[in-house]
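*Asks:* Could you have a look at this structure, given as structure tokens, before my questions?
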Amino acid sequence: MDITLSHENELLLQTVRAFMEAEIYPHEEEVDRNGEVPPELGKQIEKRAIETGLYAANLPEAVGGGGLDYTAMAIMEREYGKTSHALHSWIGRPTELLMACAGDQVDRYLMPCVRAEKRELFALTEPEAGSDVMGMKTNARRDGDDWILNGSKHFISGPCMPDFAIVFAATGIDETSRGPRKRVTAFLVDVGLPGFDIREGNKCVSYRGYQNFALSFSDVRLGPDQILGEEGRGLELSGKWLGMGRVWVGATCCGKAERIRDLAIDWAATRKQFGKPIGQFQATGFRLADMTIGLKTADLLVMDAVAKADQGIMQDADAAMVKVYCSEMLNRVADDAVQIYGGMGLMEELPIQRLWRDSRLERIWDGTSEIQRHIITRSILRPLGA
Ligand SMILES: Cc1cc2nc3c(=O)[nH]c(=O)nc-3n(C[C@H](O)[C@H](O)[C@H](O)COP(=O)(O)OP(=O)(O)OC[C@H]3O[C@@H](n4cnc5c(N)ncnc54)[C@H](O)[C@@H]3O)c2cc1C
């Protein structure tokens, strides 16, 4: 695996770093303190991202996106991970699921998202169905050519109130070799449709200002052209995107871990107790060494996964390993950094407590560590028939 950055990726890295310095970092503390990104600030980040060519950099050039490969995406996401989701999510990366848009959907959903005229949400999780996706109760039944959608979703997140949501709903039962299984279909559901209620959800202490929404559907009528992809193929459609999402979580965790580790190094080198820098105490110095080993290992895992993804050979277990390892590495780094800072690590005046709070979410969303371990275990045992 070659991990030397190509000339193009080095330029990308410098562009993203300059963007973060100018447009993002100056606003971090205020956004965390107030728990919101003022709309005019969000729009300014969005505008600058379009001007810099970072908006929709993940989508193919054929639809007006940046056409980055997965290796380049990982470099970009790693830098974004150094800050809050509340801010960097304004540098839009529309879900690649929208590439499944067909016919009129291209002009109604995909292209407006590429041009930052529309924002979407990805709505899978329900109050009673989190890790257990197949426990979903949201359903759509046929009514002539139409579908009638009922149910609810929660924890559905984005930078701002969206224009539409990609909603996963059960549309029947399939008989499979392992017994009956829900058929799941993805629908494009416009905000404002009769029966579709969307409101702000609970406040999260990680990434304050990043919004999450509660969605409910009461007899929402959808035409046949509101299905994204094919009826009954919703989970297959989202599978690849969910896998890459876990790799992006891993890349962002590496970025954040590097930022926290560097703050901890500075503190360990300058804070003196017993007449010397605390980094000279082995208990502190070894923590810095372990942080550095963990970060290096995590970066290599991400680079391995994206190299495989670029060749089209990445497996679910590769992405799961990245998600588990990088998010848990980040949480160890963040916790150790608080310890190195001592009491000051928990004071609002310094960024460590914020980065520590933000880190905690990474072990939960996009599938918890436990669910990732299930995926890895399955990949080990299933070939043996166990
Ligand atoms: C801020 C935020 C934003 C989010 N954004 C989105 C979004 O945009 N779209 C979306 O669809 N979802 C989103 N989510 C949902 C997220 O993916 C879920 O929170 C996550 O998958 C876990 O589900 P849960 O919270 O219901 O936990 P639960 O499923 O209730 O799990 C609780 C605990 O039980 C454990 N557990 C459950 N089942 C098993 C098992 N079989 N074996 C071992 N342990 C198990 C879990 O690992 C966890 O530790 C978001 C969540 C948050 C907090």
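The values are calculated or read from the model by the stated rules, or taken from the named source; none is laboratory data. On a predicted model such as this, the values are computed, not experimentally measured, just so you know. Glycine gets a Cβ as well: all are built from the backbone with ideal geometry, and neighbour counts include every protein chain shown. Side chains included, ligands, DNA and RNA excluded: accessible areas come from the protein's heavy atoms. Shrake-Rupley method; radii C 1.70, N 1.55, O 1.52, S 1.80 Å.
*Asks:* For the chain, set up a Gaussian network in which alpha carbons nearer than 10 Å are linked by springs, and say which option among Cys254, Cys326, Cys204 fluctuates the most.
*Replies:* Largest GNM mean-square fluctuation: Cys204.
*Asks:* Which of rounded, prolate, oblate describes the range 29-147, given a ≥ b ≥ c as roots of the alpha-carbon gyration tensor eigenvalues and a/c under 1.5 marking rounded, otherwise prolate only if a/b is larger than b/c?
*Replies:* It comes out oblate by the Cα gyration axes.
*Asks:* Next question, about the same structure. State, to one decimal in nm, how far the label point of Leu5 lies from the label point of Asp304, with both points 7 Å from Cα in the Cβ direction.
*Replies:* 2.3
*Asks:* Further question: Compute a Gaussian network model of the chain, connecting alpha carbons closer than 10 Å, and tell me which residue from Arg48, Arg271, Arg119 fluctuates the most.
*Replies:* Highest fluctuation of the listed residues: Arg271.
*Asks:* Moving on. Taking springs between alpha-carbon atoms closer than 10 angstrom, which of Gly243, Gly255, Gly151 fluctuates most in the Gaussian network model of the chain?
*Replies:* Residue with maximal mean-square fluctuation among Gly243, Gly255, Gly151: Gly151.
*Asks:* Kindly state, to the nearest 0.05, the FRET efficiency for Gln14 paired with Arg360, given R0 = 41 Å and r defined as their beta-carbon distance.
*Replies:* Taking R0 as 41 Å, the efficiency between Gln14 and Arg360 is 0.85.
*Asks:* Report the label-to-label distance for Cys160 and Met347 in nanometres (one decimal), using points 7 Å from each Cα along the Cα→Cβ vector.
*Replies:* Label-label distance for Cys160 and Met347, simple model: 3.7 nm.
*Asks:* Assuming 0.36 nm per residue, please report the length gained on full extension of the stretch Ala386 to Val205 beyond their Cα-Cα distance. Can you show the working numbers first?
*Replies:* On the way: separation 181, 0.36 × 181 = 65.16 nm, distance 4.03 nm.
Here the answer is 61.1 nm.
*Asks:* For every other residue with a beta carbon closer than 13 angstrom to the beta carbon of Trp147, add +1 if it is Lys or Arg and -1 if Asp or Glu, then tell me the sum.
*Replies:* Counting the neighbours of Trp147, the net charge comes to -2.
*Asks:* Can you tell me which aspartates and glutamates have their Cα less than 18 Å from the Cα of Lys276? Leave out same-chain residues fewer than eight positions away.
*Replies:* Partners within reach: Asp266.
*Asks:* Among the listed pairs Lys43/Lys256; Lys182/Lys256; Lys82/Lys182; Lys82/Lys308, which have their C-alpha atoms separated by more than 30 angstrom in this model?
*Replies:* Correct reply: Lys182/Lys256; Lys82/Lys182.
*Asks:* Measure nothing fancy, just the Cα-based angle from helix 7-19's long axis to the longest principal axis of the chain, in degrees from 0 to 90, nearest 10.
*Replies:* For 7-19 against the chain, the angle is about 80 degrees.
*Asks:* If you take every residue apart from Val322 with its C-beta less than 9 Å away from the C-beta of Val322, what net charge results, scoring Lys and Arg +1 and Asp and Glu -1?
*Replies:* 0
*Asks:* Using Cα atoms only, what is the angle between the long axis of helix 70-80 and the major principal axis of the chain, expressed in degrees (0 to 90) to the nearest 10?
*Replies:* 60
*Asks:* Can I ask one more? Kindly point out, ordered by number, any Cys in the chain whose beta-carbon has no other cysteine beta-carbon under 4.7 Å away.
*Replies:* Lone cysteines by the Cβ rule: Cys101, Cys113, Cys160, Cys204, Cys254.
*Asks:* What does the highest-first list of 26-35, 232-241 look like by mean Cβ count within 10 Å?
*Replies:* On the way: 26-35: 15.8, 232-241: 17.6.
The packing order, highest mean first, is 232-241, 26-35.
*Asks:* Which order, highest average first, do 54-63, 124-133 follow once you tally other Cβ atoms within 10 Å for each residue and take the mean per peptide?
*Replies:* 54-63, 124-133
*Asks:* Could you please state how large a percent of the accessible area of the chain is carbon and sulfur, counting protein chains only and using a 1.4 Å probe?
*Replies:* Carbon plus sulfur share of accessible area: 52 percent.
*Asks:* Which of rounded, prolate or oblate describes the range 119-232 when judged by the alpha-carbon gyration tensor and an a/c cut-off of 1.5?
*Replies:* Note, shape of the range 119-232 comes out oblate.
*Asks:* Next up: Cβ under 13 Å from Gly243's Cβ, Gly243 left aside: what net charge do those residues give with Lys, Arg +1 and Asp, Glu -1?
*Replies:* -1
*Asks:* Under 1.5 on a/c is rounded, so check that first for the range 133-175, then, if it is not, pick prolate when a/b is larger than b/c and oblate when it is not; a ≥ b ≥ c are the square roots of the alpha carbon gyration tensor eigenvalues.
*Replies:* Numbers: a/c = 3.03, a/b = 1.55, b/c = 1.95.
Judged from the Cα gyration tensor, the range 133-175 comes out oblate (a/c at least 1.5, b/c at or above a/b).
*Asks:* With a 10 Å radius around each residue's Cβ, average the other Cβ atoms per peptide and rank 11-17, 246-252, 88-94, highest first.
*Replies:* Details: 11-17: 15.7, 246-252: 26.7, 88-94: 24.3.
Highest to lowest by the protection proxy: 246-252, 88-94, 11-17.
*Asks:* For the range 345-370 and the range 1-74, what is the separation of their C-alpha centers, rounded to whole Å?
*Replies:* 21
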